[in-house]
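This report refers to the structure that appears directly beneath it.
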Amino acid sequence: MNYQKVYGITGPVSVAGPTAPENKLNDALIQELKKEGSFETEAETAKRVEILKILQELAQNFVYQVSKKKNMSDGMAKDAGGKIFTFGSYKLGVHGPGSDIDTLVVVPKHIMREDFFTVFDSLLRERPELDEIAPVPDAFVPVIKIKFSGISIDLLCARLDVAQVPITLTLSDKNLLRNLDEKDLRALNGTRVTDEILELVPKTSVFRIALRAIKIWANRRGIYGNVFGFPGGVAWAMLVARICQLYPNACSAVILNRFFKIYSEWKWPQPVVLKPIEDGPLQVRVWNPKIYAQDRSHRMPVITPAYPSMCATHNISDSTKKVILSEFERGIKVTNDIFSNKQSWNNLFEKHDFFHKYKFYLTVAVTTKGDDEQHLKWTGLVESKLRLLVLKLEALAGINIAHPFFALFGTTYCYDNENDVQNILENYGSHKTENKLQNLIKITDDNKEDESLKEKAKMYLTTMYIGLDVNVENKKEKVDIHIPCAEYFNLCRNFNEEFQDNNIFSLIIRYVKLYDLPSEVYDEGERRPIKKKTSKRTKENDGDAGSKRPKSDARSADTASTKAIGQTAAA
Ligand SMILES: Nc1ncnc2c1ncn2[C@@H]1O[C@H](COP(=O)(O)OP(=O)(O)OP(=O)(O)O)[C@@H](O)[C@H]1O
Ligand SMILES: [Mg+2]
Ligand SMILES: [Mg+2]
């Protein structure tokens, strides 16, 4: 009898293998991924393997040294072990040339997290391959970020309640989670989830190619990243994995088409799960909408398979859900066309049209007169709360969609005096006024090492955008966005005392019309939208649907207003 293992919580939809034309399209897909730069070279792969070998040795040396310090015998100190695991895109096998290696160092119970940030830190610093090191011991998940032989590595540490961590240890047993603190549990979670996902897909190679394609597609279409309310890397991986379970013998090209079809028709908020949700030995919450109201509020739940199961997409809002669903619809159309040879894979990966699409936008500009570290913290806070502004906006009657753009725009200006500062605060962020800043020195890759600029005072700016789909049917009713903006402004400002210093930190929320969007949002050579003029006087402009963005454009496109809503001193 033919026995095929069943993956997932239901049987497959189809066990058919690929046809010859499907295989051909699959080859074309792999070629396109190569063109897109999705794969690294064999030499680069070998370098990563070499680095991981060194890190494994360092981990054992680390455990050995700390054990010896605690008066263990040489034999016991050696047997205490220490093992590294990887997670993230590298472990999933979908990393690109620029990806980091997410690495977890697992140690026995007599090794403390402090030891990781002192002893292991020093061992790293002794290595000639170390290019950069940035320990972040106070993070939600404490991490040492390094660059090692030119490759970025995130190093986490987890301490288990065991005397020894042998090289044969795996992390699948949930009893290993007993007696651990929250930080250790969080550190272990990434590896446990990635390991399980790989266990739960029928054919890893099919899954990997399909996931590479989905990652490129989601990035190009601007729907990648947990912070702004889109699925992140792990959520996209689980979404692809579930389709692989439903079509265990299909090739990646077919998986992609079914991916878009199935998730367009999915009965959200029914959750996407890869295996039955398990109970376990800890006093922690496992995702359960029957018990927890918060879990019932998840709009497109995608649940992690490893105990304790959590929702990886809790940040999705009504607006981002609509955006994601419309991209699924587009995905169906394009992949159907690919299967009938009317379009090709590069069409699937075409760039989003976010900055051409909405009539109105909110720009949220975060500025810091200080150092880059202060700016990073301030931006991190404002960014992490942006989805709350989205929730407030989409709750307003006249707003159909408040669509947060998935990436940030950053600029740094040098300034000499308060006039310069005022100039930046008033004129940055609108096409109409940005030419007033052209005499200020902007920090670029070319000049950032200049000694003369290092001494200068700097103003850091990072901007986020929200596209607004406003219901214009009832024109009498004005949509008042001031209240949500003011609430968001106050929330950020009052988060802690440090950020209340409005001489250093400011937050400017502006309402900007499409034609006033600043040049920074368009790629060089990309046509910016230009208002079609219909009056006789300006007839010469008729038919000019757009103009290419010049390197420095001082022209004003039209006279539409740009209003500042939350100003620096508005708190
Ligand atoms: N700020 C964070 N807080 C908590 N966990 C995080 C954070 N950033 C990343 N992670 C964890 O680390 C994993 C890997 O993140 P990372 O940013 O390296 O993305 P990736 O999927 O590996 O893609 P890339 O190829 O860009 O590295 C995530 O899946 C998540 O589990
Ligand atoms: Mg990574
Ligand atoms: Mg990482």
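The values are calculated or read from the model by the stated rules, or taken from the named source; none is laboratory data. As the structure is a prediction and not an experimental result, all values here were calculated from the model. Virtual Cβ from ideal backbone geometry, glycine too; neighbours counted across all protein chains shown.
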Checklist line | Filtered residues of segment 140-158 (kept if over 19 Å from residue 83 (Cβ atoms), small (Gly, Ala, Ser) and more than 12 Å from ligand 3 (Cβ to nearest atom)) | finding: 149, 150
Notebook entry, point to check: Among the candidates 257, 288, which residue alone is under 24 Å from residue 181 (Cβ atoms) and either surrounded by fewer than 23 Cβ atoms within 10 Å (Cβ to Cβ) or touching a Ser or Thr at 6+ places or on another chain (Cβ under 9 Å) (or both)?
Noted result: 288
Note to self: Given the criteria out of contact with any strand residue (DSSP E or B) (no Cβ under 8 Å at 6 or more places or on another chain), buried (at least 17 other Cβ atoms within 10 Å of the Cβ) and not small (Gly, Ala, Ser), does residue 55 qualify?
What the structure shows: no
Next item on the list: Quick one: which residue in 193, 240, 227 is within 16 Å of ligand 3 (Cβ to nearest atom), in a helix (DSSP H, G or I) and β-branched (Val, Ile, Thr)?
Entry: 193
Next item on the list: Hey, could you check segment 60-103 for residues that are more than 16 Å from ligand 2 (Cβ to nearest atom) and small (Gly, Ala, Ser) and say which is farthest from residue 213 (Cα to Cα)?
Entry: 73
Check: Do we have any residue at all in segment 228-247 that's among the β-branched types (Val, Ile, Thr), touching a Cys at 6+ places or on another chain (Cβ under 9 Å) and either under 28 Å from residue 38 (Cα atoms) or surrounded by 20 or more Cβ atoms within 10 Å (Cβ to Cβ) (or both)?
Finding: no
Notebook entry, point to check: What single numbered condition from (1) assigned to a helix (DSSP H, G or I); (2) closer than 27 Å to residue 326 by Cβ; (3) in contact with a Lys or Arg (Cβ under 7 Å, 6 or more places away or on another chain) fails to hold for residue 184?
Noted result: (2)
Next item on the list: For residues that are among the hydrophobic types (A, V, I, L, M, F, W, C) and more than 16 Å from ligand 2 (Cβ to nearest atom), scanning just segment 117-145, find the one that is surrounded by the most Cβ atoms within 10 Å (Cβ to Cβ).
Entry: 120
Margin query: I want to confirm something. Restricting to segment 243-285 and keeping residues that are assigned to a loop (DSSP other than H, G, I, E, B) and of a type in the set (Lys, Arg), which single residue is nearest to residue 87 (Cα to Cα)?
Written below: 275
Note to self: Condition first: more than 10 Å from ligand 3 (Cβ to nearest atom) and surrounded by 18 or more Cβ atoms within 10 Å (Cβ to Cβ). Now tell me which residues in segment 96-109 satisfy that.
What the structure shows: 104, 105, 106, 107, 108
Next item on the list: Show the residue pairs that are 6+ apart or on different chains and have beta-carbon atoms under 7 Å apart, the first residue being within segment 98-110 and within 18 Å of residue 50 (Cβ to Cβ) and at pLDDT 95 or above, the second being within 16 Å of ligand 2 (Cβ to nearest atom) and assigned to a loop (DSSP other than H, G, I, E, B).
Entry: none
Check: When you go through 108, 97, 166 one by one, which is the residue that is in contact with a Ser or Thr (Cβ under 9 Å, 6 or more places away or on another chain) and away from ligand 1 (no atom under 16 Å from the Cβ)?
Finding: 108
Note to self: Any residue at all in segment 507-523 that's charged (D, E, K, R), closer than 19 Å to residue 408 by Cβ and assigned to a loop (DSSP other than H, G, I, E, B)?
What the structure shows: yes
Notebook entry, point to check: Could you say whether any residue in segment 129-151 is over 23 Å from the mean Cα position of the chain (by Cα) and closer than 26 Å to residue 306 by Cβ?
Noted result: no
Check: When the residues of segment 169-201 are filtered to those that are buried (at least 19 other Cβ atoms within 10 Å of the Cβ) and among the β-branched types (Val, Ile, Thr), which remaining residue is nearest to residue 139 (Cα to Cα)?
Finding: 191
Next item on the list: For residues that are touching a strand residue (DSSP E or B) at 6+ places or on another chain (Cβ under 9 Å) and at positive phi, scanning just segment 65-95, find the one that is farthest from ligand 3 (Cβ to nearest atom).
Entry: 81
Checklist line | Residue check for residue 396: closer than 30 Å to residue 314 by Cβ and modelled with pLDDT of 95 or more | finding: no
Margin query: So if I check each of 329, 278, which one is away from ligand 1 (no atom under 16 Å from the Cβ), among the charged types (D, E, K, R) and more than 22 Å from residue 7 (Cα to Cα)?
Written below: 329
Note to self: Condition check: surrounded by fewer than 13 Cβ atoms within 10 Å (Cβ to Cβ), without any contact (Cβ under 8 Å) to a residue 60 or more places away in the chain and more than 28 Å from the chain's Cα centre (by Cα). Does residue 473 satisfy that?
What the structure shows: yes
Notebook entry, point to check: Could you say whether any residue in segment 351-362 is surrounded by fewer than 22 Cβ atoms within 10 Å (Cβ to Cβ), over 19 Å from the mean Cα position of the chain (by Cα), among the aromatic types (Phe, Trp, Tyr) and not in a helix (DSSP H, G or I)?
Noted result: yes
Check: Looking at 121, 154, which is the one that is within 14 Å of ligand 1 (Cβ to nearest atom) and either in a strand (DSSP E or B) or modelled with pLDDT of 95 or more (or both)?
Finding: 154
Item checked: Per-region count, segment 315-350, residues closer than 18 Å to residue 399 by Cα, part of a loop (DSSP other than H, G, I, E, B) and of a type in the set (Gly, Ala, Ser) -> 1
Item checked: Flag if residue 80 is more than 16 Å from ligand 1 (Cβ to nearest atom), surrounded by 13 or more Cβ atoms within 10 Å (Cβ to Cβ), under 30 Å from residue 239 (Cβ atoms) and in contact (Cβ under 8 Å) with a residue 24 or more places away in the chain -> no
Next item on the list: For residue 56, indicate whether it is under 30 Å from the mean Cα position of the chain (by Cα) and either closer than 30 Å to residue 336 by Cβ or away from ligand 2 (no atom under 16 Å from the Cβ) (or both).
Entry: yes
Next item on the list: Take residue 159 and decide whether it is among the charged types (D, E, K, R), within 13 Å of ligand 1 (Cβ to nearest atom), in contact (Cβ under 8 Å) with a residue 12 or more places away in the chain and within 18 Å of residue 113 (Cα to Cα).
Entry: no
